[in-house]
Amino acid sequence: METKAFIFDLDGVIVFTDKFHYQAWKKMADGMGIYFDETINNRLRGVSRMDSLEIILERYEGEPLSRSEKEALAEEKNASYRELLATMTPADVTDEVRAALKELRDRGYKLAIGSSSKNARFILEKVELLDAFDAISDGNNITNSKPDPEVFLKAAEYLGEKPEECIVVEDAYAGVDAAKAGGMRAAAIGDAASYEKADYKLDVFEDLLKIGL
Ligand code: B16
Ligand code: MG
């Protein structure tokens, strides 16, 4: 099958902001007396902000919270998260990742971001990678989050390519499921590399260059 484009998840593939998500959620959870640890944080990988909050609130034992109270908590978390994101610099993306993205482009592939995050553009700006992509599909242009394929289908549409000609690069199980549900191939890295639904397994990001020949 011909490959015309690569669609990259952001957190866990290009950058590693899970430590910032952890710190920001931890601050919110501590403030409310809710137990939260790294194991719970791992369940938030690729999950939308509001769905992440629901996972954290599984441990909440107080009075039921209204929709607006939940939105205020998510907003509070996002404010601390963005303060941490503001400290990011181009050094937060490895030379290997930058070089592999450039090489794929030089080989004629189109590149897009397909991220659940509403902060995707801010992150890409901080690490100076906005120009490396032909399109950005993120948490701001979708109504259904992964494992729904919407974010990747939008990325393919923005690129003007057919889903079956795109390879999605993901670190989350929900992201691999989303790619497959959208009729795309999935290259898995990190956590998702042991997922049997992935079409390609990457030990390191540069292994992509062996696929995109
Ligand atoms: P935000 P990805 C995801 O990014 C993160 O993995 C996930 O932990 C986070 O909750 C989600 O973005 C939403 O992020 O609060 O910034 O909108 O892996 O899809 O690039
Ligand atoms: Mg991810």
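Readers should treat all values here as calculations from the given coordinates under stated rules, not as data from a laboratory. As the structure is a computational prediction, the values presented were derived from the model and not from experiment. Positions of Cβ are generated from backbone atoms using ideal geometry, with glycine treated the same way; all protein chains shown enter the neighbour counts.
Numbers for the structure displayed
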read-out: Percentage relative contact order, the range 43-178, counting C-alpha pairs under 8 Å, at least six apart; value: 24 percent
read-out: Helix 150-159 axis, angle to the chain major axis (alpha carbon atoms, nearest 10°); value: 40 degrees
read-out: Pairwise label distance in nanometres, residue 211 with residue 99, each label 7 Å out on the Cα-Cβ vector; value: 2.0 nm
read-out: Kirkwood Rh in Å, taken over the range 83-173 so that all alpha-carbon pairs contribute; value: 14.0 Å
read-out: Equivalent ellipsoid semi-axes, the range 131-209, via Cα gyration tensor eigenvalues times 5, rooted, Å; value: 19, 14, 11
read-out: DSSP-defined antiparallel bridges as percent of all bridges, the chain, nearest 5; value: 0 percent
read-out: With Cα atoms, 0 to 90° folded angle of helix 18-31 axis to the chain main axis; value: 10 degrees
read-out: Segment residue 203-residue 18, length gained on full extension (0.36 nm per residue, minus Cα span); value: 64.7 nm
read-out: Trypsin sites (Lys or Arg not before Pro) within the range 150-209, DSSP loop, no more than 12 other Cβ atoms inside 10 Å; value: 197
read-out: The chain - Debye-derived log10 I(q)/I(0), Cα point model, q = 0.15 Å⁻¹; value: -0.92
read-out: Span from the the range 92-127 Cα centroid across to the the range 1-58 one, whole angstrom; value: 19 Å
read-out: Cα-based helix-to-principal-axis angle, 95-106 vs the chain, degrees rounded to 10; value: 50 degrees
read-out: Calculated P(r) tail over 26 Å for the range 1-127, as whole % of Cα pairs; value: 31 percent
read-out: The range 138-181 - Rg (one decimal) and Dmax (whole number), Cα, Å; value: 9.7, 26
read-out: Protection-proxy order for peptides 167-174, 12-19, each taking the mean of Cβ atoms within 10 Å per residue, highest first; value: 167-174, 12-19
read-out: The chain, helix-only ellipticity at 222 nm - DSSP H runs n ≥ 4, -39,500 (n - 2.57), divided by all residues, nearest 500; value: -12000 deg cm²/dmol
read-out: Of 70/126; 180/201; 4/102; 110/210; 27/118, pairs whose Cα-Cα distance is over 23 Å; value: 70/126
